[in-house]
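A short worksheet on the structure shown next.
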Amino acid sequence: MTKQIDSLKASLQNKRFELARSIRSQSSQLNVCESEHELIDRMQSMSRRDEAVAFLDTLTHTLAAVDAALLAMKEGSYGTCAECSEAIASRRLEAIPWASNCIRCQEMLDRRNQMRAAVPHWDEAA
């Protein structure tokens, strides 16, 4: 088990490095060129910036999950589902080393998030 944890830790550290590099790279695309005089050029520039912001948001959330997984390894709680406290399957951790939930709880959370997105003010009605 220790060998698997060491391998997962190395994967997490590599992912962290890759994410940090991608974040730095994407951050350079946040500028909207004000010198562009044509409206269509400005709009395209703003569209590219919006896409970069959305991608940066995804990268940042994944980086936070990777950092949380590394911290959980340090604290000895790695591999335990944040929702139900059951062990996360090793196959899931091999596929997504930063997973904080078991498959069952993650599917439940995904369904809940889909409901929130589909029904305005879903949380308030419940």
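See the values below:
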item: Cα-centre dipole for region 51-94 with unit charges at Cβ (Lys and Arg positive, Asp and Glu negative), debye to 20; result: 180
item: Taking the chain and dividing mean pair separation by its residue count, relative contact order in percent (alpha carbons under 8 Å, at least six apart); result: 22
item: Positive-pole candidate from ILE40, PRO97, VAL53, dipole of region 34-126, charges at beta carbon; result: PRO97
item: Computed over region 56-126: relative contact order in percent, which uses C-alpha pairs under 8 Å that are six or more apart; result: 24
item: Estimated [θ] at 222 nm from DSSP helical runs (n ≥ 4, -39500 (n - 2.57)) normalised by residues in the chain, nearest 500; result: -24000 deg cm²/dmol
item: Coarse-grained scattering of the chain at q = 0.15, 0.20 Å⁻¹, given as base-10 log I(q)/I(0) from a Debye sum over alpha-carbon atoms; result: -0.85, -1.09
item: Nearest-ten-degree value, helix 2-27 long axis tilted from longest Cα axis of the chain; result: 10
item: Peptide ranges 90-101, 39-50, 72-83 listed from the most packed, as the mean C-beta count within 10 angstrom indicates; result: 90-101, 72-83, 39-50
item: Accessible area of the chain belonging to carbon and sulfur atoms, whole % at 1.4 Å probe; result: 53
item: For THR80, residues with placed amide H under 5 Å, excluding near neighbours; result: ILE88
item: Cβ-placed point charges (K, R +1; D, E -1), dipole of the chain about Cα centre in debye, nearest 20; result: 580
item: Residue-normalised accessible area of the chain, expressed per residue, 1.4 Å probe, Å²; result: 72
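The values are calculated or read from the model by the stated rules, or taken from the named source; none is laboratory data. In this text the structure is predicted, and so the values were computed from the model without any measurement. No Cβ is skipped: glycine too gets one built from the backbone with ideal geometry, and neighbour counts run over all protein chains shown. For the accessible areas, the whole protein counts, side chains as well, though only heavy atoms, and no ligand, DNA or RNA atoms are used. Shrake-Rupley method; radii C 1.70, N 1.55, O 1.52, S 1.80 Å.
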